[in-house]
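Below is one structure, written out as structure tokens; the observations come after it.
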Amino acid sequence: MKVFIDFEFNRVTERKVNLVCCSLQVDNGGGIEEFWLDGNSCFNERARLADRLVELQAQEATFVAYSVEAEARSFLALGLEPMDFQWYDLYLEWLMVTNHNHKMAYGKQYIDGKLRTTRPPNKWDDDGEDNSKPGKGLASACYKLTGVILDTDHKDEMRKLIISDPKSFSPTEKRDIQDYCSSDIKHLPKMLDAITAEYQRLLPSRQYPHLREELLRRGRYAALTAHRTTNGYPINYEWARNFADHVDDIIGEVASEINEHHPKIRAFSYFKKKKYWKKNDKLIREWVAQYCFENRISNWKKSEKTGEYSLETKQWEKFFNFSHDYPLDNFGAQMVRYFRLKKSLNGFVEAKTVKVSKRKKFWDSYDPIDNVVRPFMGIYGAQSSRSQPGATGFIPLKAAWMRALIAPPPGEYMGSWDYKAEEFFIRAIESGDKNMQAAYLSGDAYMWTAINDGFAPEGATKDSHPFERSVFKIVALALQYGMTKYGLAIELTQKLGRNFSEEEAQAFIDRYYALYLDNHRYTKEVIWDYKADDYIKLPCGWYMFGDNPNDRSTVNCPGQGLGASAMRYADELAYKKGLQIPYTLHDALYLRGKFGEHIDSMETLAECLIDGFAAQFRPQDEELARKIMLDGDLWGPEFDDSVSYIKSRGGWDIKVQQIYIDDRAKSEYEKFSKFFTQVKPWRLL
């Protein structure tokens with residue numbers, strides 16, 4: 001039995017959302033059941049709905065919704081545990097059925113309320129046609145799957161009315177809202193049928209029988225994510241508020257520093273009256289032109305209309321692949337720093353001096369009652385199934401030094417475990433490369449590589465031979481993402497401070513592959529198998545279908561995706577152990593709890609991570625997989641103000657500090673943390 005269900009609610013930043021109404025339909029031919037839930041007088045109606053849902057659960061119903069995370073939050077508001085129910089999430093299935101499946105992802109689409117015809121991007125034939133990705137909303141999915149056009153203007157109008165949260169809705173408004181809720185229900189069965197039919201077309205007969213189990217697994221993780229959104233993550237509000245008030249000052253410091261170290265370029269100008277820094281695009285483009293000429297670079301993107309060099313962030317990142325550490329004498333690295341900083345500041349505005357735009361703000365996800373942030377987590381958002389949270393309300397995706405704003409209240413702590421060099425170890429296991437496995441288990445894969453390549457002497461360490469280690473760290477990470485000699489030469493030159501030719505870069509690639517021959521073979525097999533099968537399937541049942549023309553992207557998917565599968569499995573194990581996980585980040589799990597319980601909880605979480613990782617591999621590889629290493633952090637106001645380290649039972653270091661300061665961003669933290677405590681004069685009024 002399937003139950004198609006939809007809730008409307010508001011007060012989304014609060015721990016318990018305010019339910020407005022619900023509509024559901026059982027697939028046995030019954031009509032739509034409607035429940036009006038808003039207002040104190042609706043207690044009996046909420047109880048009636050809860051009883052009905054429990055009744056359907058007892059009949060082993062599968063609940064079908066578009067975005068289970070939202071519906072599961074509604075279950076929590078009713079006092080029901082969503083993890084006790086079975087779910088299909090059509091939103092997640094829409095994400096997967098369009099994951100490099102051009103039949104669904106392109107062609108006739110309904111995007112932002114307009115009918116459009118799109119086509120896959122082709123770098124060899126850029127003639128200005130629409131290459132837009134499909135919309136993620138219900139209206140876009142419904143049109144592509146069923147051909148039905150939903151009135152998006154009406155949907156926006158209804159959403160605004162619901163979010164307005166008046167003291168009470170008028171009888172007309174109640175009927176309009178309930179009708180709006182019910183109107184979406186009738187499309188869900190046909191959408192599910194269309195998705196099922198597409199899977200039948202895409203998947204071989206040997207894979208299709210597992211589909212129901214895989215749909216339920218994705219739906220279950222969406223239900224778990226509702227707990228995460230309900231709990232949120234804590235911040236130091238005063239610091240965050242002061243920081244937001246100094247956005248212009250922070251940008252100005254970086255602009256001024258770039259000018260100071262690169263005076264001949266004059267990349268920024270300061271307008272004294274407005275106290276505003278502005279990029280000098282003309283002068284910056286002149287530098288780009290000179291850089292491309294001197295380095296024989298022909299693939300820096302130019303505008304089709306003007307022929308001018310693009311100043312998009314991704315163009316700078318293509319040639320200056322820096323993160324956290326940006327050398328002051330490298331203008332390209334500093335521009336990457338500037339653009340990334342500006343992106344990180346999206347959502348933070350000075351309430352008195354900056355005009356608030358219509359875009360979502362960081363504070364839109366903040367709940368002053370609980371002093372937590374409840375962002376959109378974007379589960380399964382990447383082609384590899386990694387989560388892609390909305391960066392505006394998600395501090396961990398902003399500049400690393402900003403993570404100091406994430407702070408538990410007195411009496412509590414936060415902690416985290418991150419898989420160490422996880423994708424390297426995944427490749428070592430999956431390829432069966434004994435050298436690669438030995439490198440990882442040595443505790444320093446990059447130093448082991450340098451020594452066994454003959455580039456560093458026996459007994460060399462990170463401290464004694466940092467240059468040799470850095471070379472092979474850069475090589476290993478570059479080849480993990482399919483980089484060629486051209487990109488590697490640039491990468492080595494920029495990060496190590498001396499020129500590396502393309503021939504030298506190729507020599508390092510050849511030496512690396514000679515040392516890790518089975519891994520090299522495995523990389524080729526991933527591409528061959530993908531082209532032969534027309535899909536890559538992860539252990540959790542997530543698919544990347546066969547229309548990805550980018551071999552680098554293809555090679556990256558199995559490793560990154562297996563890591564994401566491990567993280568989700570560990571996340572569920574942590575839930576079963578009663579741990580509170582406020583958020584995940586890539587392949588790391590974060591933990592919140594009461595001070596005094598931190599040691600036991602961290603040990604339990606470490607066990608969940610090990611079990612989650614090992615569960616992704618073949619039985620014969622599980623013992624090896626359990627040797628995955630972890631990096632740990634603990635922080636909170638109850639800890640000593642000096643940085644210290646403790647050992648876990650597994651022998652891994654856990655860094656302990658009062659405030660979370662990322663080692664990679666320590667200099668940036670020291671530069672900008674002064675703005676956490678500086679109060680603007682107008683705020684004192």
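Only helices (runs of 4 or more DSSP H) wholly contained in the stretch 104-186 count here; list those with 2 or more residues that are β-branched (Val, Ile, Thr). Quick ask: steps written out before the conclusion?
Numbers: elements: 138-146, 152-164, 171-185.
Helices (runs of 4 or more DSSP H) meeting the threshold: 152-164, 171-185.
Taking the stretch 403-426 on its own, how many of its residues are of a type in the set (Asp, Glu), in contact with a Leu (Cβ under 8 Å, 6 or more places away or on another chain) and crowded, with 22+ Cβ neighbours inside 10 Å?
0
Looking at (1) free of Cβ contacts under 8 Å to residues at least 60 places away in the same chain; (2) within 30 Å of Arg220 (Cβ to Cβ), which is the only condition Ala514 fails?
That leaves (2) as the condition not met.
Can you find a residue in the stretch 130-148 that is surrounded by 13 or more Cβ atoms within 10 Å (Cβ to Cβ), farther than 28 Å from Ala72 by Cβ and free of Cβ contacts under 8 Å to residues at least 40 places away in the same chain?
Within the stretch 130-148, one or more residues are surrounded by 13 or more Cβ atoms within 10 Å (Cβ to Cβ), farther than 28 Å from Ala72 by Cβ and free of Cβ contacts under 8 Å to residues at least 40 places away in the same chain.
Does Ile251 meet the test of being assigned by TED's automatic domain parsing to the domain that holds Asp329, of a type in the set (A, V, I, L, M) and over 22 Å from Trp87 (Cα atoms)? Explain how you work it out, then say what you get.
Details: assigned by TED's automatic domain parsing to the domain that holds Asp329: yes; of a type in the set (A, V, I, L, M): yes; over 22 Å from Trp87 (Cα atoms): yes.
The answer is yes for Ile251.
Which number in (1) assigned to a helix (DSSP H, G or I); (2) free of Cβ contacts under 8 Å to residues at least 40 places away in the same chain; (3) touching an Asp or Glu at 6+ places or on another chain (Cβ under 7 Å); (4) not hydroxyl-bearing (Ser, Thr, Tyr) marks the one condition that Leu311 misses?
Result: Leu311 fails condition (1) only.
Assuming Ala456 fulfils every condition listed in (1) assigned to a loop (DSSP other than H, G, I, E, B); (2) surrounded by 18 or more Cβ atoms within 10 Å (Cβ to Cβ); (3) touching a residue at least 24 places away in the same chain (Cβ under 8 Å) apart from one, which condition is it?
(3)
For a quick check of your reading: which helices (runs of 4 or more DSSP H) sit entirely within the stretch 208-307 and have at least 1 residues that are under 26 Å from the mean Cα position of the chain (by Cα)? Break it down stepwise before answering.
On the way: elements: 211-231, 237-245, 247-261, 281-294.
Once the helices (runs of 4 or more DSSP H) in the stretch 208-307 are filtered for at least 1 residues that are under 26 Å from the mean Cα position of the chain (by Cα), what remains is 211-231, 237-245, 247-261.
Please state which of the following conditions Asp463 fails to meet, knowing it meets all the rest: (1) assigned to a helix (DSSP H, G or I); (2) surrounded by fewer than 19 Cβ atoms within 10 Å (Cβ to Cβ).
The one condition Asp463 does not meet is (1).
Looking at the stretch 475-504, which of the residues that are surrounded by fewer than 16 Cβ atoms within 10 Å (Cβ to Cβ) and hydroxyl-bearing (Ser, Thr, Tyr) is farthest from Glu294 (Cα to Cα)?
So the residue we want is Tyr481.
Go through the stretch 298-316 residue by residue and tally those that are closer than 20 Å to Glu491 by Cα, surrounded by fewer than 15 Cβ atoms within 10 Å (Cβ to Cβ) and among the polar types (S, T, N, Q). Please lay out each step first, then the result.
Our first condition is that a residue be closer than 20 Å to Glu491 by Cα; within the stretch 298-316, this holds for 298-301, 311-316.
Imposing the further condition that a residue be surrounded by fewer than 15 Cβ atoms within 10 Å (Cβ to Cβ) reduces the set to 298-299, 301, 312, 314.
From what's left, among the polar types (S, T, N, Q): 298-299.
Qualifying residue count for the region: 2.
So which strands (runs of 3 or more DSSP E) stay within the stretch 579-647 end to end and still have 2 or more residues that are β-branched (Val, Ile, Thr) and within 25 Å of Asn371 (Cβ to Cβ)?
Values: elements: 588-594, 630-635, 644-647.
So the answer is none; nothing clears 2.
Mind telling me which of the residues Ala450, Ala399 ends up being in contact with a His (Cβ under 9 Å, 6 or more places away or on another chain) and within 30 Å of Pro134 (Cα to Cα)? Give the steps one after another, and end with the answer.
Numbers: Ala450 fails: within 30 Å of Pro134 (Cα to Cα).
When all the criteria are applied, what remains is Ala399.
Among (1) surrounded by 14 or more Cβ atoms within 10 Å (Cβ to Cβ); (2) closer than 21 Å to Lys342 by Cα; (3) out of contact with any helix residue (DSSP H, G or I) (no Cβ under 6 Å at 6 or more places or on another chain); (4) touching a residue at least 12 places away in the same chain (Cβ under 8 Å), where does Tyr276 come up short?
Tallying (1) surrounded by 14 or more Cβ atoms within 10 Å (Cβ to Cβ); (2) closer than 21 Å to Lys342 by Cα; (3) out of contact with any helix residue (DSSP H, G or I) (no Cβ under 6 Å at 6 or more places or on another chain); (4) touching a residue at least 12 places away in the same chain (Cβ under 8 Å), Tyr276 fails exactly one: (1).
Being loosely packed, with under 15 Cβ neighbours inside 10 Å, in the same structural domain as Ile111 (by TED's automatic domain parsing) and touching a residue at least 40 places away in the same chain (Cβ under 8 Å): is that true of Ser168 here?
Numbers: loosely packed, with under 15 Cβ neighbours inside 10 Å: yes; in the same structural domain as Ile111 (by TED's automatic domain parsing): yes; touching a residue at least 40 places away in the same chain (Cβ under 8 Å): yes.
When the stated conditions are applied, Ser168 passes them.
With the requirement that a residue be touching a residue at least 24 places away in the same chain (Cβ under 8 Å) and more than 14 Å from Ala404 (Cα to Cα), what does the stretch 656-685 give you?
Result: Gln678, Val679, Lys680, Trp682, Arg683.
Looking only at the stretch 164-195, which residues are β-branched (Val, Ile, Thr) and at pLDDT below 95? Quick ask: steps written out before the conclusion?
Filtering the stretch 164-195 down to residues β-branched (Val, Ile, Thr) leaves 172, 177, 185, 195.
Ile185 - this is the single residue of the stretch 164-195 that is β-branched (Val, Ile, Thr) and at pLDDT below 95.
The values are calculated or read from the model by the stated rules, or taken from the named source; none is laboratory data. Treat the numbers as computed from the prediction; the structure is a model and nothing was measured. Every residue, glycine as well, gets a Cβ built from its backbone with ideal geometry; the counts of neighbours run over all protein chains shown.
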